1. Given labels modelled 7 Å from the Cα in the Cβ direction, how far is it in nm from THR167 to ALA203?
2. Too long at a 21 Å Cα-Cα cut-off: which of LYS3/LYS101; LYS7/LYS153; LYS88/LYS115?
3. Subtracting the Cα-Cα distance from 0.36 nm times the residue separation, let me have the gained length for SER112 to ALA59 in nm, one decimal.
4. What does the charge count around ALA118 come to, taking other residues whose C-beta lies under 13 Å from its C-beta (Lys +1, Arg +1, Asp -1, Glu -1)?
5. Can you list which of the trypsin sites (Lys or Arg not before Pro) found in segment 44-123 are DSSP loop residues with at most 14 other C-beta atoms within 10 Å?
6. FRET efficiency for TYR174 and ARG127, Cβ-Cβ distance as r, R0 = 35 Å, nearest 0.05?
7. So if R0 is 35 Å, what FRET efficiency would ILE4 and ALA82 give, r being the distance between their Cβ atoms, rounded to the nearest 0.05?
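What follows draws every value from the coordinates through simple rules; no lab data is involved. Computed from a predicted model, the values in this text were never measured in an experiment. Cβ placement follows ideal geometry from the backbone for every residue including glycine, while neighbour counts extend to all protein chains displayed.
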Amino acid sequence: MKKILDKIHALLQRTEDNGASQAEAVEAAKLAQRLMAKYHVEITEYEEQKETIDEIEVAMTRHWNRNLAAAIAANTCCEVLAKHRGRKTAAIFLGKDADRKTAVSMFEMFRSLIKKGAAEARNTALREYGNAANVEIMYAKAYIRAVEDELGKQCRALALVPSAEVTEEMNKRYPNLKRAPEQQYAKSYDIDAVRMAACKGYADGQRAAMRREIGRDAG
């Protein structure tokens, strides 16, 4: 099991920040997800090996980080919540050992890709429309929706399902969870600019999340 965890971790270190291309980073993340599924199947054959359920905290720096965290958690068999400390907010990923580590690595990888794409969308909006209000959030939300759609397909194909144990542990640790209100955004934006950002965000997210055909051998 340690070898599997090490391989998953190594795959998820293939990020743009570590020198990988966008295509290499996304393909590594999807391969890690397939290995995760295989790991879950194999671990049931060894009853003496039990994974612990714990949590990892990751700082969130943008409003859309919460959407991304929720999308990743939903497709890595984890639970997630936002914790506030003054003006700082963090995502708490709770799940089994391999799942929560994978969730955090995928969150950080896609967050990096979205920030880069959103910056390009903002520059385009300023150049072509003279207004970039709401462009980043619209790009990010569309990108995240595409990632959620594509990873969800793979998740269903691999029969990955949330663990009741994880949900129970989340309810035990955080019994008073409340749904956060929808974030309100500025009204003074250019409709063509935000439409462009949303279309580009979804297209970029879809390409990123479907680099590798589902069902292809992990090797």
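1. With each label point 7 Å from Cα toward Cβ, the separation is 3.8 nm.
2. LYS7/LYS153
3. 17.8 nm
4. After counting each charged neighbour, the total is +4.
5. LYS50, ARG87
6. Calculated value: 0.20.
7. 0.70
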